[in-house]
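Quick note: the coordinates plus some simple rules give every number you see, no bench work behind them. Fair warning: this is a prediction, and the values are worked out from it, not measured in the lab. We place every Cβ from the backbone using ideal geometry, glycine too, and count neighbours over all the protein chains shown.
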Amino acid sequence: MRVGNLYGNQTEPIVSFEFFPPRDEKAEKGFYTVVDELATLNPDYMSVTFGAGGSTREGSFQAVKKMMEKKLPTVAYLAGFGLSPDDITGVLDRYKALGVETIFVIRGDEPRNDDFKPHPESFSYASDLLGFICDRYDFDLGCAGYPEGHVQAESLEKDIECLKLKQDKGARYVVAQYFYDNDYFFSYVDQCRASGITVPIIPGIMPIYTVKLTNMLCKLCGSVIPAGLKGRLDALATADASEVAALGVEVAFEQCRDLLVRGVDGLHFYTMDRSGSVTSIVQRLKEQGLLK
Ligand SMILES: Cc1cc2nc3c(=O)[nH]c(=O)nc-3n(C[C@H](O)[C@H](O)[C@H](O)COP(=O)(O)OP(=O)(O)OC[C@H]3O[C@@H](n4cnc5c(N)ncnc54)[C@H](O)[C@@H]3O)c2cc1C
């Protein structure tokens, strides 16, 4: 399944779910239960992340393999940070042999492990990695975009120049970092279009699962929590987990409704390997006739 061919040719918005591979054997059973539950919603594709520095190389491969065996439309990720060109081709050759057709290409971040030594020939940026892959393989390629700017970027404008380079080096679609204010996304798309970026740009949706996780991830990724939402989260400081998850579903449903009404090509859900919230959100969107 070539994801770049899905976007733009579809009659309905494309729905995709992202997973990270199970950490260990114990987590595996729960992981595949979640995958199977979310597969019943008939997403257009499901994707599996890849730990920078090759930290989940085998786990990601095994998860992709099993999902392919289940005949699920699967996208594999590749984070190049620290890996040598031979490491990269080693990973890609295995995905190719499995029949994977789309690779989502990211740079990744330096692992927080002092002993980690990046390979001297590792790629500095995702655009370099995309160029390397494009010259050697026939995969369909995707890349990441940042509506609020990447945390290390000099400016949003410079970051958009880097995104253009990723398109020029072979990326056929962009999945955006999550955000909680849709205006960031639409303004970003406008700026990208003005800079010559023509490929589909798909909003990433991160439902609020817990207050702690949301605060931690937003700090890490540089996503702003708008004041109104922050107030609603603060009011739930002592609430139980189900109340927070219910607010998360409500907020994400409203966000997705607005994105769909305003004509996005698809929705990409960061599932965090949980099925409950995403199931509720997608079912509500289907009930409202916003998704098929
Ligand atoms: C949808 C999505 C999925 C992700 N999946 C994973 C995953 O599976 N595994 C993982 O480890 N991480 C993942 N990440 C996180 C990602 O690895 C980090 O955000 C990382 O810091 C940047 O990756 P990138 O591919 O966007 O890097 P790049 O595009 O290389 O950009 C990194 C920084 O360098 C700048 N830059 C880019 N090119 C140049 C250039 N030529 N010259 C100067 N500056 C440049 C950019 O502006 C940016 O600030 C994901 C992020 C998103 C949005």
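Would the chain count as rounded, prolate or oblate if I go by the C-alpha gyration tensor, calling it rounded below 1.5 in a/c and otherwise prolate when a/b exceeds b/c, oblate otherwise?
Values: a/c = 1.36, a/b = 1.26, b/c = 1.08.
Rounded, since a/c falls under 1.5.
Under 24 Å from the Cα of Lys230, which lysines turn up, not counting those fewer than eight places away in the same chain?
Here the lysines satisfying the reach criterion relative to Lys230 are Lys212, Lys219.
In nm, what is the difference between 0.36 nm times the number of residues separating Ser84 and Lys158 and their Cα-Cα distance? Please report the intermediate quantities before stating the final value.
On the way: separation 74, 0.36 × 74 = 26.64 nm, distance 2.68 nm.
Net length gain for the segment: 24.0 nm.
Gaussian network model of the chain, Cα springs within a sub-10 Å range: biggest mean-square fluctuation belongs to which of Arg172, Arg232, Arg193?
Comparing Arg172, Arg232, Arg193 in a Gaussian network model of the chain, the most mobile one is Arg232.
Among Thr198, Thr74, Thr102, determine the one that fluctuates most according to a GNM of the chain built with springs between C-alpha atoms less than 10 Å apart.
Greatest mean-square fluctuation among the candidates belongs to Thr198.
Could you pull out the pairs from Lys26/Lys65; Lys96/Lys169; Lys166/Lys292 whose alpha carbons sit more than 23 Å apart here?
Working: Lys26/Lys65 18 Å; Lys96/Lys169 20 Å; Lys166/Lys292 32 Å.
Result: Lys166/Lys292 exceed 23 Å.
Picking from Tyr125, Ile281, Ser223, whose Cα lies most toward the positive end of the charge dipole for the chain (charges on Cβ: Lys, Arg +1; Asp, Glu -1)?
Positive-most Cα among the choices belongs to Ile281.
At a 10 Å Cβ-Cβ cut-off, how would you order Tyr146, Tyr270, fewest neighbours first? Show your work: numbers first, answer last.
Values: Tyr146 24, Tyr270 21.
Ordered from fewest to most neighbouring Cβ atoms within 10 Å, Tyr146, Tyr270 come out as Tyr270, Tyr146.
Using a cut-off of 11 Å between beta-carbons, work out the net charge of the residues near Ser275 (Lys and Arg +1, Asp and Glu -1, Ser275 not included).
Values: positive: Arg274; negative: Asp36, Glu37, Asp273.
Result for the neighbourhood of Ser275: -2.
Which residue, Asp140, Asp93, Asp114, has the most motion in a Gaussian network model of the chain that connects Cα atoms within less than 10 Å?
Answer for the Gaussian network model of the chain: Asp114.
Going toward the positive end of the dipole of the chain, with +1 on Lys and Arg Cβ and -1 on Asp and Glu Cβ, which of Phe81, Thr40, Phe253 do you reach last?
Thr40
Would you please give the FRET efficiency between Gln62 and Ala241, computed as 1/(1 + (r/R0)^6) with r the Cβ-Cβ distance and R0 = 35 Å, to the nearest 0.05? Mind dumping the intermediate values first?
Numbers: r = 30 Å, r/R0 = 0.85.
The calculated FRET efficiency here is 0.70.
Using only DSSP helix segments of four residues or longer, with each worth -39500 (n - 2.57), what per-residue ellipticity at 222 nm results for the chain after dividing by its residue count and rounding to 500?
Details: 11 runs with 135 residues, N = 292.
Value at 222 nm, helices only, nearest 500: -14500 deg cm²/dmol.
Assigning unit charges at the beta carbon (Lys, Arg +1; Asp, Glu -1) and nothing else, what dipole magnitude in debye, to the nearest 20, does the stretch 3-287 show about its Cα centre?
Numbers: 29 positive and 41 negative charges, 67 e Å.
It works out to roughly 320 debye.
So, R0 is 41 Å and r is the distance between the beta-carbons of Tyr125 and Glu250; what FRET efficiency does that work out to, to 0.05? Don't skip to the end; give the middle numbers.
Numbers: r = 38 Å, r/R0 = 0.93.
Efficiency, rounded to the nearest 0.05: 0.60.
Can you give me the long-range amide H partners of Thr102? Hydrogens built in the peptide plane at 1.01 Å from N, cutoff under 5 Å, separation of 5 or more residues or another chain.
Under 5 Å from the amide H of Thr102: Ala76, Asp140.
Straight-line reach from Lys70: which lysines fall under 16 Å, measuring Cα to Cα and dropping same-chain residues less than 8 apart?
Result set, ordered by chain and number: Lys29.
So for Val249, Val175, Val261, fewest C-beta neighbours within 10 Å to most, what's the order?
On the way: Val249 20, Val175 24, Val261 9.
Result, fewest neighbours first: Val261, Val249, Val175.
For the stretch 170-239 and the stretch 122-152, what is the separation of their C-alpha centers, rounded to whole Å?
Between the Cα centres of the stretch 170-239 and the stretch 122-152 lies a distance of 20 Å.
Name the residues whose placed amide hydrogens come within less than 5 Å of the amide hydrogen of Gln177, ignoring near sequence neighbours (fewer than 5 apart) on the same chain.
Residues meeting the amide H criterion: Gly145, Tyr146.
Output the peptides 122-128, 47-53 sorted from most to least packed, where packing is the average of other Cβ atoms within 10 Å over each peptide's residues.
Working: 122-128: 19.0, 47-53: 23.0.
Top of the packing list down: 47-53, 122-128.
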